[in-house]
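Trainee: The structure follows.
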Amino acid sequence: MHPDLLDYIQRYVDLSEEEIALFVSYLKPRNLKKKEFLLEAGQVCRSRYFIIKGVVRQFYIDKKGNEQIIHFGVDNWWITDYASVINKTVSHCYIEALEDTQMLELSEEDLNRLCVELPKADQLFRKIMEKTYIAIQARLEFMMSLSGEELFQTFISHNPDFVQRVPQYMIASYLGMSPEFVSKIRSRKK
């Protein structure tokens, strides 16, 4: 097993060597080149992905044709389109690599089998969903209660590596701001 994934799992559940081997047996390596799509709108998402190394973005295209980024995934994070994978419906989102990205894929079908064989996996993914929900709730709270400048500064202070790895206009999209507004904030800080 990749050491970062093992560390990640051990934060939530304790697994024996046999349980680790079982968990790993369900994972399949997946690599994306920069600008390659993992998922495109109109497809059904069938897996969850643990990012070993790399950056991806999840976005949709609004009625005006603008890309609206709803999520990023970086090293040691899971990414999927939960609505599509859980409901088995077509996705309205795209997931695209912003860097060459190494991942481990766990199909929903394999996850269900794994959870039967290893109930701790069910506990692990429940905890991941809880953390995901908490992060989304915090993002919404920040977006509704902070000024644009405060929101940008909060995001940067909580995610300093994003500034180096994600273009500024994508961070602006994620925060619901124009790239010009983010440029003004950054120039005032200099």
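The values are calculated or read from the model by the stated rules, or taken from the named source; none is laboratory data. Just so it is clear, the structure is predicted and the values come from calculations on it, not from any experiment. No Cβ is skipped: glycine too gets one built from the backbone with ideal geometry, and neighbour counts run over all protein chains shown. Please note that ligands, DNA and RNA were not included when accessible areas were found on the heavy atoms of the full protein model with its side chains. Shrake-Rupley method; radii C 1.70, N 1.55, O 1.52, S 1.80 Å.
Trainee: Which of the following residues is among the charged types (D, E, K, R), open to solvent by 40 Å² or more (accessible area, probe 1.4 Å) and in contact with a Gly (Cβ under 6 Å, 6 or more places away or on another chain): 117, 130, 109, 99?
Mentor: None of the others qualify; the one that does is 99.
Trainee: Would you confirm whether or not segment 153-162 contains a residue that is in contact with a strand residue (DSSP E or B) (Cβ under 6 Å, 6 or more places away or on another chain), part of a helix (DSSP H, G or I) and in contact (Cβ under 8 Å) with a residue 40 or more places away in the chain?
Mentor: There is no residue in segment 153-162 that is in contact with a strand residue (DSSP E or B) (Cβ under 6 Å, 6 or more places away or on another chain), part of a helix (DSSP H, G or I) and in contact (Cβ under 8 Å) with a residue 40 or more places away in the chain.
Trainee: When only residues in segment 27-57 that are out of contact with any Phe, Trp or Tyr (no Cβ under 8 Å at 6 or more places or on another chain) and among the small types (Gly, Ala, Ser) count, which is farthest from residue 165 (Cα to Cα)?
Mentor: Here the answer is 42.
Trainee: Report, by residue number, each residue of segment 56-101 that is part of a strand (DSSP E or B), among the polar types (S, T, N, Q) and within 20 Å of residue 139 (Cβ to Cβ).
Mentor: Matches in segment 56-101: 58, 68.
Trainee: Right, another one. Which condition from (1) in a loop (DSSP other than H, G, I, E, B); (2) over 17 Å from the mean Cα position of the chain (by Cα); (3) loosely packed, with under 12 Cβ neighbours inside 10 Å is the one that residue 12 breaks?
Mentor: Result: residue 12 fails condition (3) only.
Trainee: A further question follows. Of the residues in segment 53-96, how many are at positive phi and loosely packed, with under 14 Cβ neighbours inside 10 Å?
Mentor: Number satisfying all stated conditions: 2.
Trainee: Same structure again: So, in segment 26-51, exactly how many residues are open to solvent by 20 Å² or more (accessible area, probe 1.4 Å) and either part of a loop (DSSP other than H, G, I, E, B) or at pLDDT below 95 (or both)?
Mentor: Selection size over segment 26-51: 11.
Trainee: Could you list, in sequence order, all residues of segment 156-171 that are open to solvent by less than 40 Å² (accessible area, probe 1.4 Å) and at pLDDT 90 or above?
Mentor: Those that are open to solvent by less than 40 Å² (accessible area, probe 1.4 Å) and at pLDDT 90 or above: 166, 170, 171.
Trainee: So which residues in segment 133-152 are open to solvent by 40 Å² or more (accessible area, probe 1.4 Å), part of a helix (DSSP H, G or I) and without any contact (Cβ under 8 Å) to a residue 12 or more places away in the chain, if there are any at all?
Mentor: 133, 134, 135, 136, 137, 139, 140, 141, 144, 145, 150
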